[in-house]
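Enquirer: Below are the structure tokens for one structure; questions will follow.
The values are calculated or read from the model by the stated rules, or taken from the named source; none is laboratory data. Keep in mind that what you see is a predicted model, and the values were worked out from it rather than measured. Neighbour counts run over all protein chains shown; Cβ positions are idealised from the backbone, glycine included.
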């Protein structure tokens, strides 16, 4: 990811698109809820949902210069509730530098005689030194209804890159409660997008909640329904706590949960294999076409 600069401040982060609009909500011929930016084609009852996205651009990682007696020191500030790793080539020594910034903290990156106004660098969530502890995860929903796994590890439709290789797609009705699979700290909440599709335009649009766990990995719950997040960044959650409701936002062909466990593998976030545990305490590797039953709080 390329660094951006404004005067003496270098910033990167997640940009919020400025827009306002209207969503139509109605049922199709099979009684399923439809959320669309267009009204139903045939005459029928429908309701509308107004939404407004904030116009403010927010940045979670900031790089900035501070003048001192010897010149300038470049600092990195991390506003995430999780550690991050920053990597770049030093403009002073031309060597590769990688540093971990603790959650909600800042560190000095390098010293220079002049201000550093343009730095090409990357960052990734998590500490690359963390080691997954083979935890067995509870179901990520509390519905007693059985839900089918439609795509599992190495799924050929969309689980083909390192970030999605070990993800699991679980089909479920819009509005199903999603729950924490493991205790942790909420580090990412996005629930401001209302549409879905299967073109590349939608690849970065999905609503997502991410939770950091004690071993340094984090779980990711994607495609959640707009405006349904029940937690905020910095919250601590226990197994079974409600997080949001399921939806079909972003790159999606229908309502489902895209669940994965992620770690930092050296300036890149990758999915790792994991096991679920059922209500009887039996662990299993998720497979396509399996039926999963929702967990209850322990």
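Every residue, every condition in (1) surrounded by 17 or more Cβ atoms within 10 Å (Cβ to Cβ); (2) closer than 24 Å to residue 185 by Cβ; (3) touching a residue at least 24 places away in the same chain (Cβ under 8 Å), yes or no:
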site	(1), (2), (3)
74	yes, no, yes
84	yes, yes, yes
92	no, no, no
96	no, no, no
101	yes, yes, yes
107	no, yes, yes
111	no, no, yes
118	no, no, yes
128	yes, yes, yes
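Enquirer: Of the residues that make up the range 177-186, is at least one closer than 20 Å to residue 228 by Cβ and at pLDDT below 90?
Expert: The answer is no; no qualifying residue exists.
Enquirer: Looking at (1) surrounded by fewer than 18 Cβ atoms within 10 Å (Cβ to Cβ); (2) under 18 Å from the mean Cα position of the chain (by Cα); (3) over 21 Å from residue 264 (Cβ atoms), which is the only condition residue 146 fails?
Expert: (2)
Enquirer: Ok, one more. Is the range 274-285 home to any residue that is buried (at least 22 other Cβ atoms within 10 Å of the Cβ) and touching a strand residue (DSSP E or B) at 6+ places or on another chain (Cβ under 9 Å)?
Expert: yes
Enquirer: Now for a different question. Of all the residues that make up the range 219-273, how many are touching a helix residue (DSSP H, G or I) at 6+ places or on another chain (Cβ under 7 Å) and surrounded by 22 or more Cβ atoms within 10 Å (Cβ to Cβ)?
Expert: Within the range 219-273, residues that are touching a helix residue (DSSP H, G or I) at 6+ places or on another chain (Cβ under 7 Å) and surrounded by 22 or more Cβ atoms within 10 Å (Cβ to Cβ) number 1.
Enquirer: Sort out which residues of the range 163-179 are over 19 Å from residue 285 (Cβ atoms) and either buried (at least 17 other Cβ atoms within 10 Å of the Cβ) or under 20 Å from the mean Cα position of the chain (by Cα) (or both), and write them in order of number.
Expert: Scanning the range 163-179 gives 163, 172, 174, 175, 176, 177, 178, 179.
Per-residue answers, yes or no, for (1) over 15 Å from the mean Cα position of the chain (by Cα); (2) closer than 26 Å to residue 200 by Cβ:
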site	(1), (2)
237	yes, no
241	yes, no
244	no, yes
248	no, yes
253	yes, yes
257	no, yes
268	no, yes
285	yes, no
293	yes, no
